[in-house]
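No value in this document is a laboratory result; all are computed from the given coordinates. Nothing here was measured: the structure is a model prediction, and the numbers come from that model. Using ideal geometry, Cβ is built from the backbone for each residue, glycine included, and neighbour counts are taken over all protein chains shown.
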Amino acid sequence: MPVAVEELLSFFDEARFVPSLRARTKAGVLKELANALSNDEEIRHPDVLQEALEAREKLGSTGIGKDVAIPHSRTLSVPKLKALVARSKKGIDWGSADGKPVKLFFVVVAPPQERTNQYLPLLGALVSGMQLKPNREAVATAKNWEGVITALESAFRG
Amino acid sequence: MAKVTQKLAALQDIDLLISERKAEEDLGFSTAGLENLEEARAKLAGEVDGRFLRMYERLSKRYDRAIVPVVGHRCLGCSLVVPTSKRKSGEDRATGALVTCESCGRILFFV
């Protein structure tokens, strides 16, 4: 059964929005993303979280092309499914198949025992939703969190 | 929490990544670096004391997951309440090492 758009959006939060990343390298960005997620008091093991994101990149770049990357992992370091949005103005070399630097990041982390089974559907919705240029541009140019979440809603509704 | 628990948690995260790679491919993600990840796993496993690694491998064969989080003071593998003495430090006070569930034997991860 498809997951409702409202449910997909519930995994995002303004507290997990990084409008402009500071890091300029892939390693630096992974650390910054892990730290940003770890501002959440429910996440108490940032090192394990960072290691999980780094391990996933070893399996293959999470850059899906068209300026977008979706770093993700199941990891014991998080108690429930959470998603984060981050942007980079200059773009980061992420090893994407199209060779383009990444400007939009959607991080998805979930515990291994995530029982609602929404981890893969959320990844799928992001991959699908970010194929369209208007959706990517809407997230990239949103002036605030409201704009980002509205853009994501539009992307998920197709 | 004992560092060995964190290393084993990272090891289990990698094992899960490897086992779920087909689902990742179906979504369009690259998994071409499997060898790189397996190398990283071997390196990480090499950093873990042999007796704990063997415990992890043995539990992994018995259960889906050898390490489970403690949520609401309960082992998420079998739901047994974790004794207070184990909750405080997240590690065995005598050995400074792993804490296991007294009922199912899984390694406990205090989130």
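If you check A:Glu57 against the conditions, is it free of Cβ contacts under 8 Å to residues at least 40 places away in the same chain and more than 16 Å from the chain's Cα centre (by Cα)? Spell out the reasoning first.
Numbers: free of Cβ contacts under 8 Å to residues at least 40 places away in the same chain: yes; more than 16 Å from the chain's Cα centre (by Cα): no.
Here the answer is no, as A:Glu57 does not meet what is asked.
Could you grab me the full set of residues in the stretch B:30-58 that are at the interface with chain A (Cβ under 9 Å from one of its Cβ atoms), farther than 19 Å from A:Glu51 by Cβ and among the hydrophobic types (A, V, I, L, M, F, W, C)?
B:Ala32
Among the candidates A:Ile64, A:Ile43, which residue alone is in contact with a Leu (Cβ under 7 Å, 6 or more places away or on another chain) and not in a helix (DSSP H, G or I)?
Details: A:Ile64 fails: in contact with a Leu (Cβ under 7 Å, 6 or more places away or on another chain).
Selected residue: A:Ile43, the only one of A:Ile64, A:Ile43 that is in contact with a Leu (Cβ under 7 Å, 6 or more places away or on another chain) and not in a helix (DSSP H, G or I).
Counting only residues that are among the polar types (S, T, N, Q) and free of Cβ contacts under 8 Å to residues at least 24 places away in the same chain, which one in the stretch A:29-52 is surrounded by the most Cβ atoms within 10 Å (Cβ to Cβ)? Don't jump to the end; show me each part of the working.
Residues of the stretch A:29-52 among the polar types (S, T, N, Q): A:35, A:38-39, A:50.
Okay, now just the ones that are also free of Cβ contacts under 8 Å to residues at least 24 places away in the same chain, so A:35, A:38, A:50.
Numbers: A:Asn35: 14, A:Ser38: 18, A:Gln50: 22.
Residue satisfying both the conditions and the ranking: A:Gln50.
Go through the stretch A:109-158 and report how many residues are surrounded by fewer than 14 Cβ atoms within 10 Å (Cβ to Cβ) and not polar (S, T, N, Q).
9
Considering only the stretch A:130-142, I want to know if a residue exists there that is closer than 13 Å to A:Leu8 by Cα and touching a Lys or Arg at 6+ places or on another chain (Cβ under 9 Å).
We begin by selecting, within the stretch A:130-142, every residue closer than 13 Å to A:Leu8 by Cα; these are none.
Checked the stretch A:130-142: no residue is closer than 13 Å to A:Leu8 by Cα and touching a Lys or Arg at 6+ places or on another chain (Cβ under 9 Å).
Restricting to the stretch B:1-29, and then to whatever is basic (Lys, Arg) and more than 7 Å from every other protein chain (Cβ to nearest Cβ), can you tell me which residue is nearest to B:Ala66 (Cα to Cα)? Lay out the reasoning, then the answer.
Just the residues of the stretch B:1-29 that are basic (Lys, Arg), to begin with: B:3, B:7, B:21-22.
Of the ones still in play, those that are also more than 7 Å from every other protein chain (Cβ to nearest Cβ) are B:3, B:7, B:22.
Working: B:Lys3: 16, B:Lys7: 13, B:Lys22: 22 Å.
Among those that are basic (Lys, Arg) and more than 7 Å from every other protein chain (Cβ to nearest Cβ), it is B:Lys7.
Which condition number in (1) crowded, with 24+ Cβ neighbours inside 10 Å; (2) at the interface with chain B (Cβ under 10 Å from one of its Cβ atoms); (3) closer than 24 Å to A:Thr116 by Cβ; (4) not hydrophobic (A, V, I, L, M, F, W, C) is the one that A:Pro79 fails?
Of the numbered conditions (1) crowded, with 24+ Cβ neighbours inside 10 Å; (2) at the interface with chain B (Cβ under 10 Å from one of its Cβ atoms); (3) closer than 24 Å to A:Thr116 by Cβ; (4) not hydrophobic (A, V, I, L, M, F, W, C), the odd one out for A:Pro79 is (1).
For A:Ala83, state whether it is small (Gly, Ala, Ser), within 16 Å of the chain's Cα centre (by Cα) and under 26 Å from B:Gly72 (Cα atoms). Step through it out loud before you land on a result.
On the way: small (Gly, Ala, Ser): yes; within 16 Å of the chain's Cα centre (by Cα): yes; under 26 Å from B:Gly72 (Cα atoms): yes.
Yes.
Go through the stretch B:1-15 and count every residue that is touching a residue at least 40 places away in the same chain (Cβ under 8 Å) and closer than 14 Å to A:Ala52 by Cα. Break it down into steps so the answer makes sense when it comes.
Quick first cut of the stretch B:1-15, residues touching a residue at least 40 places away in the same chain (Cβ under 8 Å) only: B:1-2, B:4-5, B:7-9, B:11-12, B:15.
Now narrow it down to the ones that are closer than 14 Å to A:Ala52 by Cα: B:7-9, B:11-12, B:15.
So the count comes out to 6.
I'd like the full set of residues that are among the polar types (S, T, N, Q) and within 16 Å of the chain's Cα centre (by Cα), limited to the stretch A:86-114.
Within the stretch A:86-114, the first condition is being among the polar types (S, T, N, Q), and the residues that meet it are A:88, A:96, A:113.
Matches in the stretch A:86-114: A:Ser88, A:Ser96.
Return yes or no: is A:Ser96 away from chain B (no Cβ under 14 Å) and surrounded by fewer than 24 Cβ atoms within 10 Å (Cβ to Cβ)?
Details: away from chain B (no Cβ under 14 Å): no; surrounded by fewer than 24 Cβ atoms within 10 Å (Cβ to Cβ): yes.
The answer is no for A:Ser96.
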